[in-house]
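A short reminder: the numbers here are calculations on the coordinates, not readings from a lab. Remember, predicted model here, so these are calculated numbers, not experimental data. Cβ: placed from backbone, ideal geometry, glycine included. Neighbour counts: every protein chain shown.
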Amino acid sequence: MKAVYHLKLSKSDIKGAKVALLPGDPGRVPKIAEALCTGLGGAKKANAQELAYKREFCTWLVKSGAARVLVTSTGIGGPSTSIAVEELAMLGVRTFIRVGTTGAIQRRIRPGDVVISTAAVRLDGASSQYAPIEYPAVADLDVTNALIAGAKAEKIRYHAGITCSTDTFYPGQERKDSFRGYVPRRFQGITKEWEKLNVLNYEMEAATLFTMCGALGLKGGCVTGVVLERHTTEKVMHDDLRRAETHAIKVAASAVRILLS
Ligand code: URA
């Protein structure tokens, strides 16, 4: 099989990997690969290699004994996530775990906690090109249970529940720290509404991933590290970002270990 169009990977490259971790940021791919190597009992880096890097899509393969796991960055948002999931599925991947960062919208959630999404509000656009809007964006139960077990094993504070996935970081998440500071009427007060409806957090990829996985017969899960709580601030602090990223990676790596055991 020749290489898939965007990811620049072919079936022979991925050596039968069935599980992929999906960060948004290509810069996180080596960090996640390293965490997986350690978690799977391998020597750091020795068992991880970069396979391809094109546009926002960077892929590493991690191997330990019989286990093969891919780490592929999706870029930000639904459209590029849909490309990564489609092309990885064409190559044989069946389980997808998004590992990202998030803004919490419930006061009890603190920076450094992780959110494990059980479902997502579909405020993205890409998911509606896979299934009508009435179709639910729901995480796979086995993957979600593994993420919860991973958070418990790592002793990281977690919250499992509904996430809101938006197509924009600024107006869609009702941010006023933007160029004009204007939030269109449709989104004014929407954070309060989601809070009242027990939505935990904002991010930008889970709805596309869950809808695609449901519709295509794949398994999808999502863990995100909390970088800020929106009632407190709109500004992300560097230390909070690092902690959130580290915690989400630890939970995801632990979940992979559980799923492969
Ligand atoms: N990612 C988001 O989409 N929103 C945030 O507030 C933080 C990370």
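Which percent, to the nearest 5, of DSSP beta bridges fully inside the chain are antiparallel? Walk me through the intermediate numbers first.
Values: 18 of 48 bridges.
Antiparallel: roughly 40 percent of the beta bridges in the chain.
With a ≥ b ≥ c taken as the square roots of the eigenvalues of the C-alpha gyration tensor of the stretch 187-261, please select rounded if a/c is under 1.5 and otherwise prolate if a/b is larger than b/c or oblate if it is not?
It is oblate, given that a/c is not under 1.5 and a/b is not larger than b/c.
Test of the criteria: in the stretch 167-261, which chymotrypsin sites (Phe, Trp or Tyr not before Pro) are in a DSSP loop and have at most 16 other Cβ atoms within 10 angstrom of their Cβ?
Numbers: sites: 169, 179, 182, 187, 194, 202, 210; in loops: 169, 179, 182.
Sites meeting the loop and neighbour criteria: 169, 179, 182.
Within 14 Å, Cβ to Cβ, of residue 193, how many net charges do the neighbouring residues add up to if Lys/Arg are +1 and Asp/Glu are -1?
Values: positive: 185, 186, 192, 196, 230; negative: 174, 195.
The answer is +3.
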With Cα atoms, 0 to 90° folded angle of helix 206-216 axis to the chain main axis:
50 degrees
Relative to a virtual label point 7 Å from the Cα of residue 131 in the Cα→beta-carbon direction, which members of the stretch 142-183 show backbone nitrogen distances below 19 Å?
142-145, 161-167
Cβ-derived FRET efficiency at R0 35 Å, residue 185 paired with residue 152, nearest 0.05
0.25
So the pair-distance distribution of the chain, from every Cα-Cα distance in 5 Å bins, comes to percents of 1, 7, 14, 19, 20, 17, 11, 6, 3, 1, 0
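How big is the Rg/Rh ratio for the stretch 81-153, C-alpha atoms only, Rh by Kirkwood, two decimals? Walk me through the intermediate numbers first.
On the way: Rg = 14.3 Å, Rh = 14.5 Å.
Taking Rg over the Kirkwood Rh, I get 0.98.
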In the structure shown, of 31/155; 2/54; 63/219; 31/54; 18/155; 176/250, the pairs separated by more than 24 angstrom at the C-alpha atoms are 18/155; 176/250
Nearest 10 degrees, 0 to 90: what angle lies between the long axis of helix 78-91 and the longest principal axis of the chain (Cα atoms)?
20 degrees
Just to be sure I understand the model, the point goes 7 Å from the Cα along the line to the Cβ. What's the resulting residue 177 to residue 233 distance in nm?
0.7 nm
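Out of the stretch 151-225, which GluC sites (Glu not before Pro) are coil in DSSP terms and have no more than 13 other C-beta atoms within 10 Å? Display every interim value, and only then the final one.
Numbers: sites: 154, 174, 193, 195, 203, 205; in loops: 154, 174, 205.
Within the stretch 151-225, no GluC sites (Glu not before Pro) qualify (loop, at most 13 other Cβ atoms within 10 Å).
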Does anyone have the angle between helix 29-39 and the longest principal axis of the chain? Alpha-carbon axes, 0 to 90°, nearest 10?
60 degrees
Sparse-neighbourhood loop sites, chymotrypsin sites (Phe, Trp or Tyr not before Pro) in the stretch 1-108 - DSSP loop, at most 11 other Cβ within 10 angstrom
5
Gyration tensor (Cα only) of the stretch 1-140 to equivalent ellipsoid, semi-axes in Å sorted down, yields 26, 20, 13
Taking the convex hull of Cα positions in the stretch 120-261, its mean projected area over all directions (nm²):
9.3 nm²
